[in-house]
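The values are calculated or read from the model by the stated rules, or taken from the named source; none is laboratory data. These numbers come from a predicted model, not from an experiment. Methodologically, a virtual Cβ is constructed for each residue, glycine included, from the backbone with ideal geometry; neighbour enumeration extends over all protein chains shown.
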Amino acid sequence: MKSKLKIKMESSEGVTKKLSQNGQHKRTDHAMRAKITINENYLWWSCLLAITFFAFASRLYKIDEPDHICWDETHFGKMGSYYLNHTFFFDVHPPLGKMMIAAFGHMTGYNGSFAFSKPGDKYGGVSFVGMRVCCACLGSCLIPISFGSTWLLTKRLNAAVFSSIIVLCDTGVLTLSQYILLDTPLLFFIMAAAFCLLMFQEYHKKPFSPAWWLWLSLTGASLSCAIRDSPTKSIHRTAKSAMTMAWMRKVLGEKRRSRHSPMKQMVSGGPCSSDFPIALSEPKIITYFNRMRYDSRQFRCSEGRSPTLSLSLYFSAFSFGSIVTIKNHRTGGAYLHSHWHLYPDGVGAKQQQVTTYSHKDDNNRWLVSHFNRRTDHEDGEAVIVRNGDLIRLQHVTTGRNLHSHKEVAPITKNHYQVTCYGENGTGDANDIFRVELINAIQGNRDPVRTVRSVFRLVHMNTGCSVHSHNKQLPKWGWEQLEVSCNPRSDDKKNFWNIEEVRDNRLPNTSFEVYAPSFSEKILESHAVMFQGNSGLKPKEGEGTSRPWQWPINYRGQPFSGGQYRIYLLGNPVLWWGVLVAMTMYLLISLVHAIRRQRGFTQNEDAIIGRTLAACHWYFCAWLLHYLPFWPMTRVLYFHHYFPAWIFSAGIAGCVLDLILEEISTRCGQHSWSVHHALCGILTSGIVYSFCTFLPLSYGMSGPPANNVTSNYHHLKWLDTWDI
C-alpha cells in the first residue's frame with residue numbers, strides 16, 4: 001500500500017509540474033505575440049510617418065519658384081480672384097476647388113487684385129504662395145492615403161510602402177502638386193473617397209455601428225467634394241457607384257446574416273453614398289451663387305442672368321423703335337451679333353457677317369423696325385410687337401438690316417446664308433422676318449414678352465428660320481458661332497428670346513419676375529458646364545494629347561518656358577515599370593484562374609488571393625477613370641490621366657510585394673536576408689530615378705535638352721519630350 005501511495009504521489013507531482021510548465025509556455029507565447037504585435041505596429045506607424053514627412057517636404061520645397069504664372073495658373077488663380085472680388089464668371093468646372101484656392105489665398109494675405117493675365121507674368125509683391133501651399137498640402141496627402149488604401153486591401157506593409165513610394169517619387173504628381181491647379185484637390189478627394197469606402201467595408205461585419213455610419217458618411221462627403229471639383233465628375237461618380245455595387249453584392253452573398261440585414265444595409269448605404277453627395281453639393285452651389293455679383297460672360301440663360309443685368313432689362317415687352325438684344329434660347333446660347341467685317345470671297349454673298357457671340361457687346365444691339373418703313377429709336381407712340389408681326393432688324397452699330405437669301409451658309413451647307421445688308425435701315429424684301437411665338441395658337445396676337453417669350457424669326461421670302469449652334473467660324477469670322485437660316489422650322493436651335501430692351505416709352509417691371517428658382521439655377525449651371533467642357537478646343541500651338549499616349553508617357557506638358565522651365569512628365573522608370581507590373585498582374589490572374597478551375601488552389605497561400613483581390617479592385621478603378629476619355633471629342637491633356645495612374649500605382653505596389661514574397665520563400669533559411677536586400681535595392685532604384693528626373697519638377701535653366709551641351713540632355717529619352 002505504501003509503495004502504491006508513493007507511486008500515486010510521484011505521478012501527481014509530475015502532472016502538476018507538467019501543467020505548470022505548459023502554463024508557463026502559454027504565457028511566454030502570449031507575451032511573444034504581444035511583443036510581435038507591438039513591433040509591427042511600431043514599424044507600421046514609422047513607415048507611415050516617414051513617408052508622410054517626405055511627401056510634405058518634397059511638395060513644399062521651392063514652392064515659391066518660379067515666381068511667375070505657370071500654365072493654367074492663369075485660369076485658376078484668376079478664378080480665385082473672381083471669388084474674392086465677388087465677380088461672376090462662366091466656368092466649365094464646378095466651384096469647390098477654386099473656392100478652396102481663394103480661401104487659402106485670402107488667409108495668407110492675397111486680396112484678389114492680381115490680373116493673372118498670361119503665363120510668364122511675374123507675381124511681383126503679390127502673396128501667391130498661400131494658394132500654391134493649398135494645392136501642395138492636398139497633393140502631399142495623396143501619399144499616406146495611398147499607403148492606407150493598399151494596407152486595407154492587402155494587410156501587407158510592404159505592398160502599402162511600395163504603392164506610396166511610387167506615388168511619392170513620381171515627378172508628374174509632384175509637379176501637379178506645386179502649382180495653383182485643380183488637379184490636386186481632385187486627386188485628393190478621389191483618393192479620399194476610395195479610402196473611406198475601404199474603411200467602411202472594414203466594418204461590414206458590424207453594420208449600423210458608429211464607425212460604420214462614420215465611414216459611410218465620409219465616403220459620401222468625399223465623393224461630393226470630388227463631384228464639385230471636377231469637370232469629369234460623371235467618371236468619378238460612376239467609379240464609386242461601381243464600387244458601391246460590389247459592396248452590395250458582397251453583403252447579399254453573406255449567408256450568416258438574417259435575411260433582413262442586407263436589405264437594411266442597402267437601404268441605409270445607398271442613399272448615404274448617392275443622395276448624400278448631392279445634398280452636400282447644395283451648400284457649395286448656394287455659396288457660389290451668393291458670392292457672384294457681376295456677370296461678365298453671358299453663358300447663362302436670360303432668366304438666370306436677370307439679377308445681374310442693367311435696368312435696360314426691366315420692360316415686360318418691346319415695341320417698334322426699341323433697341324433689343326436677342327439670345328439663342330438653348331443651353332449656353334449666345335447673342336445675335338454682327339460687325340463691320342464681310343464674308344470672304346467664295347463664302348456666299350460678300351456681305352456683312354452675322355454670328356452669335358457669347359460676350360456682352362455693343363454689336364449685339366438691334367433696332368426693331370416696321371417691315372414697310374424706316375423706324376428710328378423711340379419713334380412715335382410705342383406699338384408692342386406681337387405674334388405674327390413682320391419686322392426688320394437693323395444692326396445699331398452698322399445701320400444694316402438682318403438679311404437672308406438662297407446662298408449656301410458658310411459651314412452648314414443645307415442651310416441658307418444670313419448676312420446684314422443695306423444702308424441706314426434701307427434694304428430690300430429679303431430683310432423682312434415674321435415673329436412666331438413657340439406653341440402659340442394660330443392667329444393668336446399675344447405680345448412678345450421680354451425674357452419669357454420664345455419665338456422664331458421666319459424669313460418671309462424663303463420660309464427658313466434664323467438658326468444658331470456651336471459650330472465655330474474660321475478665323476475670318478473671329479471664331480464666333482455660325483448663324484444660318486434653317487429650312488426646318490421645328491429645330492429647337494431656331495428658338496430665340498429677347499433679353500434686354502432699351503425704350504423709355506415702356507413701363508418698367510421688376511427683375512424678380514424673371515428670376516429662376518434655385519433648382520432651375522442648378523440644372524442650368526450643370527448643363528452649361530457640361531456643354532462648355534465638352535466644347536473645349538485647343539489653343540493655337542498648345543500641346544494636347546490623346547488617351548493612348550498617356551500610359552506610355554509618350555509626351556509631357558510644358559508648364560513654364562523661357563529661362564526657368566518646368567515640364568510635366570511622369571517618372572519614366574516608374575511609369576513603364578507600372579505598365580510591366582500591370583501586365584504581370586494580368587498574367588498572374590490568368591494563371592490563377594486556370595489553376596482554380598482545375599482545383600489546384602486549395603493549398604495556395606492566402607497572400608496570393610488577397611493580393612490579387614486588391615489588384616482587381618485597383619484595376620477596375622483604373623479602367624473606370626481612364627476608358628471614359630477615349631470617346632471624348634473635347635480637347636484632352638496629359639494631366640487628365642493622373643487619377644487613373646494613381647490607382648495603377650497601387651497595382652504595381654501589390655505585384656512587387658507578391659513577387660518579393662515568392663522569391664524570398666524559395667530561399668529557405670536566407671529568406672529574411674534576401675527579402676530585405678531586394679526591398680532595399682528596389683527602394684533605392686525608385687529614389688534614384690526620382691532624383692534623376694527632379695529637375696523637370698523643380699526647374700531647369702540653360703539650353704534645352706535637345707542640345708548636346710545641355711545639362712539635361714541625358715534626360716531626353718524620347719524625341720517627343722520637349723524638355
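The one condition from (1) over 19 Å from His459 (Cβ atoms); (2) buried (at least 19 other Cβ atoms within 10 Å of the Cβ); (3) aliphatic (A, V, I, L, M) that Ile384 does not meet is (2).
Results for (1) basic (Lys, Arg); (2) outside the structural domain of Asn497 (by TED's automatic domain parsing); (3) part of a loop (DSSP other than H, G, I, E, B); (4) at pLDDT below 90, shown as yes or no for each residue.
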| site | (1), (2), (3), (4) |
| --- | --- |
| His339 | no, no, no, no |
| Pro344 | no, no, yes, no |
| Thr356 | no, no, no, no |
| Trp366 | no, no, no, no |
| Gly380 | no, no, yes, yes |
| Pro410 | no, no, yes, no |
| Cys420 | no, no, no, no |
| Arg434 | yes, no, no, no |
| Gln442 | no, no, yes, yes |
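Hey, could you check region 446-470 for residues that are in contact with a Pro (Cβ under 9 Å, 6 or more places away or on another chain) and either in a loop (DSSP other than H, G, I, E, B) or among the basic types (Lys, Arg) (or both) and say which is nearest to Ile384 (Cα to Cα)? Give the steps one after another, and end with the answer.
Here is the first cut: in region 446-470, the residues in contact with a Pro (Cβ under 9 Å, 6 or more places away or on another chain) are 453, 462-465.
Keeping just the survivors that are either in a loop (DSSP other than H, G, I, E, B) or among the basic types (Lys, Arg) (or both) gives 453, 462-464.
Working: Ser453: 13, Thr462: 26, Gly463: 24, Cys464: 24 Å.
Selected residue: Ser453.
Selection of region 492-516 for residues being assigned to a strand (DSSP E or B), at pLDDT 90 or above and out of contact with any Ser or Thr (no Cβ under 7 Å at 6 or more places or on another chain) yields only Trp496.
Those residues that are within 27 Å of the chain's Cα centre (by Cα) and either closer than 17 Å to Ala614 by Cβ or not polar (S, T, N, Q) (or both), I need them from region 161-172; list them, please. Steps first, answer last, please.
So in region 161-172, the residues within 27 Å of the chain's Cα centre (by Cα) come out as 163-172.
Ser163, Ser164, Ile165, Ile166, Val167, Leu168, Cys169, Asp170, Gly172 - these are the residues of region 161-172 that are within 27 Å of the chain's Cα centre (by Cα) and either closer than 17 Å to Ala614 by Cβ or not polar (S, T, N, Q) (or both).
The single condition among (1) at pLDDT below 95; (2) crowded, with 24+ Cβ neighbours inside 10 Å that Ser146 does not satisfy is (1).
This table checks each residue for (1) of a type in the set (Gly, Ala, Ser); (2) surrounded by 14 or more Cβ atoms within 10 Å (Cβ to Cβ); (3) touching an Asp or Glu at 6+ places or on another chain (Cβ under 7 Å); (4) farther than 30 Å from Phe147 by Cα.
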{"residue": "Gly653", "(1), (2), (3), (4)": "yes, yes, no, no"}
{"residue": "Cys691", "(1), (2), (3), (4)": "no, no, no, no"}
{"residue": "Leu696", "(1), (2), (3), (4)": "no, yes, no, no"}
{"residue": "Thr709", "(1), (2), (3), (4)": "no, no, no, yes"}
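Those residues that are on the phi > 0 side of the Ramachandran plot and not small (Gly, Ala, Ser), I need them from region 111-139; list them, please. Result: Phe116, single match. So, of the residues in region 434-461 that are touching a helix residue (DSSP H, G or I) at 6+ places or on another chain (Cβ under 8 Å), closer than 30 Å to Pro344 by Cα and not aliphatic (A, V, I, L, M), which turns out to be surrounded by the fewest Cβ atoms within 10 Å (Cβ to Cβ)? The extreme case among them is Asn461. Is there a residue in region 207-215 that is assigned to a helix (DSSP H, G or I) and under 25 Å from the mean Cα position of the chain (by Cα)? Scanning region 207-215 turns up at least one residue that is assigned to a helix (DSSP H, G or I) and under 25 Å from the mean Cα position of the chain (by Cα).
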